[in-house]
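As structure tokens, the structure follows; a few thoughts come after it.
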Amino acid sequence: MAAYKTLKGQSIRQVASDPTNPQIGEIWYNTTIGVLKGYQAIGAAWAAGGNLATARYALAGSGTQTAGLAFGGYSGTAMVATAEEYNGSAWANGGNMGTARYRLAGNGTQTSALATRGFAPSPVSNTNITEEYDGSSWTGGGNNAVSGSSSCSTGTQTAGLNWGGSPNLNSSQEYNGSSWTAGNTLNTGRSGSGGAGTQTAGLAFGQPTATETYNGTSWTTVNSLSNSVAGGNGALQTAAIAVAGPGVTELWDGTNWTSASASVAVPRSDGTFVVGTTASALKFGGNPPITNSTEEFTAAFNAARKITTS
């Protein structure tokens, strides 16, 4: 086998510590730890996480990849009131909502979440019920100004933004921690969309592919997705992640949507929920078939890795 110097025209550099700013493709030998290393680009990927205790779809969620919250949904036989908390590897039971429901909207964090609207039982009907979660239990909040299912929310528990709903509504509502007031109307009515950002810097996308930004006063149409979403979320108006029914992943940079070149292992077209950021997201639940699967997304990155010679 030819030597590296013969192939590349240079010797492998020997250093006592890894270089501070290596270039893609650069190779070196770390003499301190006796390891041959190279700097390479690592592609974006979805990987299996811990399963939900209760398989469900049309659920809601909040939080991050290492501190996620799943609540509500439909199990196939009944509406779900249970909430589950994710620690980055496994789900544990949290407090039950006061009203079981599905196709509800959720936002906030694992310890400060907001649930609103959806379908509720006895008899099955649209609801405007809002509940607040403190990390252990749910309490009633102010009723939403609009009843209905398949809306979307973003923001915080005390500054939430909710919009859309079946059948492709274009209204939006703002929450101040105790009551809802009407916001401005979207340019495109939508149902089951994805959302990101805050009450004064929001992003609505998907179902259909149209994307809009919100500045606290009005909605503006921006560049569209390539695929209609089955789930989506993001911490910022300028950084969101969307997952289409076939499992295709798209990332928003504040101007355009681009493919993440990573598809989910378990595609779902109904009620998959995604929380987190464009760097690290969490996808859980969905239908068909009804699943308890969880997948974790890691964005593309550059890293120094050990080179094996075998």
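Rounded to the nearest percent, how much of the accessible area of the chain (1.4 Å probe, protein heavy atoms only) is carbon and sulfur?
Using a 1.4 Å probe with all protein chains present, the chain comes out at 49 percent carbon and sulfur.
Here the range 128-174 and the range 56-111 have alpha carbon centers that stand 14 Å from each other. Per residue, the accessible area of the chain comes to 42 Å² when a 1.4 Å probe rolls over the protein heavy atoms.
Taking 10 °C and 1.306 mPa s as the conditions, I'd like the Stokes-Einstein D for the range 182-310 in µm²/s, using the Kirkwood hydrodynamic radius from alpha carbon pairs. Present the calculation step by step, with values, prior to reporting the outcome.
Values: Rh = 15.1 Å.
After rounding, the answer is 105 µm²/s.
Among 153-164, 206-217, the peptide with the highest mean count of other Cβ atoms within 10 Å heads the list, and the full ranking is 153-164, 206-217.
Residue ranges 223-229, 177-183 sort as 223-229, 177-183 when ordered by packing (mean number of other C-beta atoms within 10 Å per residue, highest first).
The values are calculated or read from the model by the stated rules, or taken from the named source; none is laboratory data. Here the structure is a predicted model, which is why all the values come from computation and not from measurement. Every residue, glycine among them, receives a Cβ derived from its backbone with ideal geometry; neighbour counts consider all protein chains shown. Side chains included, ligands, DNA and RNA excluded: accessible areas come from the protein's heavy atoms. Shrake-Rupley method; radii C 1.70, N 1.55, O 1.52, S 1.80 Å.
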